[in-house]
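Working notes, beginning with the structure itself.
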Amino acid sequence: MVALSNTAGLVLAAGSGQRFGGPKAPFVFEGERLVDRGVRILREAGLTNVFVVLGAWVGEVPQATVIENPDFTSGMASSLRTGLVFLSTREPQLERVVITLVDHIGLNTEAITEITGRQGDLIQSTYEGESGHPVVIGREHWAALINEVTGDMGAKNYLTRNNATRVELGKLATNTDLDHRPT
């Protein structure tokens with residue numbers, strides 16, 4: 001059994017949402033802001049340490065610690081770096097982090113529970129064999145990722161190169177994200 005007290009949830013939500021027409025974090029989808037939905041799903045899966053990286057839009061996010069990314073315009077990697085630096089320096093008790101994206105509307109509590117319950121320090125979600133989110137990354141990999149990721153490329157190459165355990169979530173959730181504003 002994996003101790004969730006040593007695992008954090010991290011929602012990457014700093015982007016400006018250029019294709020979307022504005023920041024996604026405060027967008028209300030099915031009666032709930034996307035950022036609140038991401039936090040709720042992580043907390044419902046048993047994670048009590050939940051963090052959100054914000055940038056283009058910054059506001060209060062109940063039941064989460066907000067981390068501001070002043071460099072959000074340089075791409076998603078800056079949000080991953082910002083989150084990992086914060087956790088590395090301010091949260092020494094944490095051993096793993098579950099990372100998801102604010103616009104991942106196909107994600108649910110069951111999928112988070114499935115991936116957080118797995119042993120391991122590098123875990124990649126898959127949907128019908130295709131890589132997706134969330135991912136689980138152990139503390140021993142945070143420094144390498146902080147130094148490696150750039151632009152809009154997240155941890156995908158690092159996870160592949162380091163033989164991350166792949167966990168199929170397609171029977172529990174979908175890899176659907178919200179790239180364009182619903183009409």
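Figures for the structure shown
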| item | result |
| --- | --- |
| Given (1) open to solvent by less than 40 Å² (accessible area, probe 1.4 Å); (2) farther than 22 Å from T48 by Cβ, index of the condition E130 fails | (1) |
| Hey, E114 of a type outside the set (V, I, T), open to solvent by 40 Å² or more (accessible area, probe 1.4 Å), touching a Gly at 6+ places or on another chain (Cβ under 7 Å) and within 18 Å of T165 (Cβ to Cβ) or not | no |
| All positions within segment 169-183 that are surrounded by 13 or more Cβ atoms within 10 Å (Cβ to Cβ) and under 18 Å from N108 (Cβ atoms) | L169, G170, L172, A173, T174, N175, T176, D177, L178 |
| Residue ID - most open to solvent (accessible area, probe 1.4 Å), chosen from residues in segment 137-157 that are in contact (Cβ under 8 Å) with a residue 60 or more places away in the chain and of a type in the set (A, V, I, L, M) | M153 |
| Subset of segment 13-54 (residues that are in contact with a strand residue (DSSP E or B) (Cβ under 7 Å, 6 or more places away or on another chain) and either free of Cβ contacts under 8 Å to residues at least 60 places away in the same chain or among the acidic types (D, E) (or both)) | P26, V39, R43, N49, V50, F51, V52, V53, L54 |
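The values are calculated or read from the model by the stated rules, or taken from the named source; none is laboratory data. These figures come from a predicted structure and were not determined experimentally. As a convention, Cβ positions derive from the backbone with ideal geometry for all residues, glycine included, and neighbour counts pool all protein chains shown. Each accessible area value is taken on the protein alone, full model and side chains, heavy atoms only, with ligands, DNA and RNA left out. Shrake-Rupley method; radii C 1.70, N 1.55, O 1.52, S 1.80 Å.
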